[in-house]
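Participant: Sharing a structure here in structure tokens format.
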Amino acid sequence: MTFDQLGLSEALLRAVREKGYTEPSPIQVQAIPAVLSGRDVMAAAQTGTGKTAGFTLPILQRLQESGPQHPHRIRALIITPTRELAAQVAESVDTYGAHLPFKSAVVFGGVKINPQIARLRKGVDILVATPGRLLDLHQQGELNFDALEILVLDEADRMLDMGFIHDIRRILKLLPAQRQNLLFSATFADEIRGLTRSILHDPLEVEVSPPNATADRVEQWVYPVDKKRKPALLRELIVDNDWQQVLVFSRTKHGANRLAQQLEKSGINAAAIHGNKSQGARTRALAGFKNGQIRVLVATDIAARGLDIAQLPQVVNFDLPNVPEDYVHRIGRTGRAGASGRAYSLVSADEIKQLNDIERVVQRHLTREYISGFEPEHELPQSAPLRKPGQNSHRHGAHKTQAGQQTARGRGSEGHKPARRRRRSRAGSAARQA
Ligand code: AMP
């Protein structure tokens, strides 16, 4: 399949060529014709699948086709949950629209509103926005959606997680009823289904990367360790394996700050990225991480969503997320585009519930490896049987199987430096598989 075959205009094909893409990604193959058809679309796709081009390219084409009857009035509105994602989507709009006459703008909170107002007053065809700032600007009388043709809700699941549902409903009331709606979400859990029912009309459904596909292409390990020893273990792993660029996930903002400081103190360049950081600090941290000045980026789940960092060889879960789907997002940051990635989770005994939830979502028991010198005093309990996601009742009489394969993986075979310390590998537990 080529981009030409998807029916895109020459201006868009040229932009895609200039960007260096040779063929559309699976989500693009499905989403581009669906959006071009003019129907509402609900797409299950995560960051890293090429979803942004999957909606941006056909939107640009539709605006081109419907003509300039409302030049520089807002004709497409793309709402994203985070500032970073908004900035990245806006960049994509500019890139793919380079040979088209449309003007775009991005608005989000945490920065001064006046420059955004000045930008809007010059006229905008495509607006990318986070919900709060969008409503502020509307309240100040700076936005008019009379000419709106297309609405995109990007990472809708995350918007619900972040409590934006009321803002979204308020925004919907400001828009003309006659419009095309596109909703992108990593998962289609029940809450999202509820939202889609109330927003989308007879949508085409597009799905390419179920969680297991991500889980399949990422090698995953669990390192059982006591909570208080996690920073030391992380440091050891970074130094031992000579990791030069590692994304570390932290469940809390406070934990992210503390860990970044601890790493800095021990001589490893690190920065934290989370919602309480100023936009400037986040941008600097990301730039430093990309150019190699910062070796470890410690991020919360929300801050990490949508970060456009290509092909990380490994990610580390300093702690496990409360929402198991976040684990899938986290490990999806590694091993993109066919390359196999590695995800390491430092897991303490009190996180067994999160581990069980994750293992149920990825439908496998993760291999446990014990690092010599870091064996926990508080043993990580056995994993629970693998019930199907959403299945609550326990079935009796199931046969026994091993939880986590027994491995003694040599680091050398995976591109690591041989470990300085001897690692002990053992199956975490025997568990019944329901
Ligand atoms: P996204 O899932 O939209 O965040 O995109 C993930 C990354 O894939 C971005 O860096 C894009 O520039 C890149 N990308 C998008 N489409 C393609 C394509 N067809 N071929 C190669 N890379 C792509």
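Participant: Report ³J(HN,Hα) in whole Hz for each residue of the stretch 46-63, in order, from the Karplus equation J = 6.51 cos²θ - 1.76 cosθ + 1.60 where θ = phi - 60°; Gly and Pro get x.
Facilitator: Per-residue couplings from phi come out as 9, 4, x, 8, x, 5, 4, 5, x, 9, 5, 4, x, 5, 4, 5, 5, 5 Hz.
Participant: Under the Karplus relation 6.51 cos²θ - 1.76 cosθ + 1.60, θ = phi - 60°, what is the ordered set of whole-Hz ³J(HN,Hα) values for the stretch 90-101, x standing for Gly and Pro?
Facilitator: Along the stretch 90-101, the couplings run 4, 5, 5, 4, 5, 5, 6, x, 4, 10, 10, x Hz.
Participant: Below 8 Å, C-alpha to C-alpha, sequence gap of six or more: please give me the relative contact order for the stretch 218-346 in percent.
Facilitator: Here the relative contact order equals 35 percent.
Participant: Can you put Val316, Val323 in order, fewest other beta carbons within 10 Å first?
Facilitator: The most exposed by this proxy come first: Val323, Val316.
Participant: Relative to the longest principal axis of the C-alpha atoms of the chain, give the angle of the C-alpha long axis of helix 26-36, reported between 0 and 90° and rounded to the nearest 10°.
Facilitator: 20 degrees
Participant: With the Cα gyration tensor of the stretch 41-121 giving a ≥ b ≥ c as the square roots of its eigenvalues, does the rule (a/c under 1.5 for rounded; else a/b larger than b/c for prolate; else oblate) give rounded, prolate or oblate?
Facilitator: oblate
Participant: Now, a different point. For Lys253, go through the lysines and keep the ones whose alpha-carbon is under 25 Å away, minus same-chain ones fewer than eight residues off.
Facilitator: Hits, sequence-local ones excluded: Lys112, Lys227, Lys228, Lys230, Lys265, Lys277, Lys290, Lys353.
Participant: Quick query: amide H of Val298 versus all other amide H atoms, modeled in the peptide plane; which residues come in under 5 Å with a sequence gap of 5 or more or a different chain?
Facilitator: Val248, Ala271, Ala272, Ile273
Participant: So what's the projected area for the stretch 155-243, the Cα convex hull averaged over all directions, in nm²?
Facilitator: One quarter of the hull surface, i.e. the mean projection, equals 9.5 nm².
Participant: Next up: Tell me which residues come under 5 Å, amide H to amide H, from Val107 once H is placed; ignore anything under 5 positions away on its chain.
Facilitator: Val128, Ala129, Thr130
Participant: Right, something else. Counting Lys and Arg as +1 and Asp and Glu as -1, what is the net charge of the other residues whose Cβ lies under 9 Å from the Cβ of Leu63?
Facilitator: Summing Lys/Arg as +1 and Asp/Glu as -1 gives -1.
Participant: Ok, one more. Could you tell me what a quarter of the Cα convex hull surface of the stretch 1-68 works out to, in nm² with one decimal place?
Facilitator: About 4.6 nm², averaged over all directions.
Participant: Something else about it: Kindly provide the helix-only [θ] at 222 nm of the chain, computed as the sum of -39,500 (n - 2.57) over DSSP H runs of four or more divided by all residues, to the nearest 500 deg cm²/dmol?
Facilitator: Result for the chain, helices only: -10500 deg cm²/dmol.
Participant: Still on this structure: Could you work out the relative contact order of the chain? I mean the mean sequence separation of Cα pairs under 8 Å and 6+ apart, divided by the number of residues, in percent.
Facilitator: 15 percent
Participant: Right, next: Just need the relative contact order of the stretch 32-142 here, percent rounded to a whole number, with Cα pairs under 8 Å and 6+ apart.
Facilitator: 28 percent
Participant: Fewest Cβ neighbours within 10 Å first, please rank Ile331, Ile74 accordingly.
Facilitator: Starting with the residue having the fewest Cβ neighbours, the order is Ile74, Ile331.
Participant: What nm distance separates the two modelled labels at His70 and Glu264, each placed 7 Å from Cα along Cα→Cβ?
Facilitator: 4.7 nm
Participant: With θ set to phi - 60° and the Karplus curve 6.51 cos²θ - 1.76 cosθ + 1.60, what are the ³J(HN,Hα) couplings of the stretch 284-297 in order, to the nearest whole Hz, using x for Gly and Pro?
Facilitator: 5, 4, 5, 5, x, 5, 5, 8, x, 6, 10, 7, 10, 9
Participant: How high is the FRET efficiency between His99 and Asp146 when r is their beta carbon distance and R₀ equals 35 Å, given to the nearest 0.05?
Facilitator: For R0 = 35 Å, the calculated efficiency reads 0.80.
Participant: Projected area of the chain, taken from the Cα convex hull and averaged over every viewing direction, in nm²?
Facilitator: Answer in nm², one decimal: 21.7.
Participant: Also, I was wondering about something else. Give me Trp221, Trp243 ranked fewest to most by other Cβ atoms within 10 Å of their Cβ, as a rough exposure proxy.
Facilitator: Trp221, Trp243
Participant: For the stretch 124-163, what class follows from the C-alpha gyration tensor (a ≥ b ≥ c being the square roots of its eigenvalues): rounded when a/c is under 1.5, otherwise prolate if a/b is larger than b/c, else oblate?
Facilitator: oblate
Participant: Go through His201, Leu160, Trp221 and say which Cα lies farthest out towards the positive end of the charge dipole of the chain; charges sit on Cβ, +1 for Lys and Arg, -1 for Asp and Glu.
Facilitator: With unit charges placed on the Cβ atoms, the residue in question is Trp221.
Participant: Name the shape class, rounded, prolate or oblate, that the alpha-carbon gyration tensor gives for the stretch 243-302, where a ≥ b ≥ c are the square roots of its eigenvalues, rounded holds for a/c under 1.5, and otherwise prolate holds if a/b is larger than b/c and oblate otherwise.
Facilitator: oblate
Participant: If amide hydrogens are placed 1.01 Å from N in the peptide plane, which non-local residues have theirs closer than 5 Å to the one on Gln180?
Facilitator: Long-range HN contacts for Gln180: Ile150, Leu151.
Every number in this text was worked out from the coordinates using simple rules, so none of it is lab data. Predicted model only: the values in this text are computed from it and were never measured. Note that each Cβ is placed from the backbone with ideal geometry, even for glycine, and that neighbours are counted across all protein chains shown.
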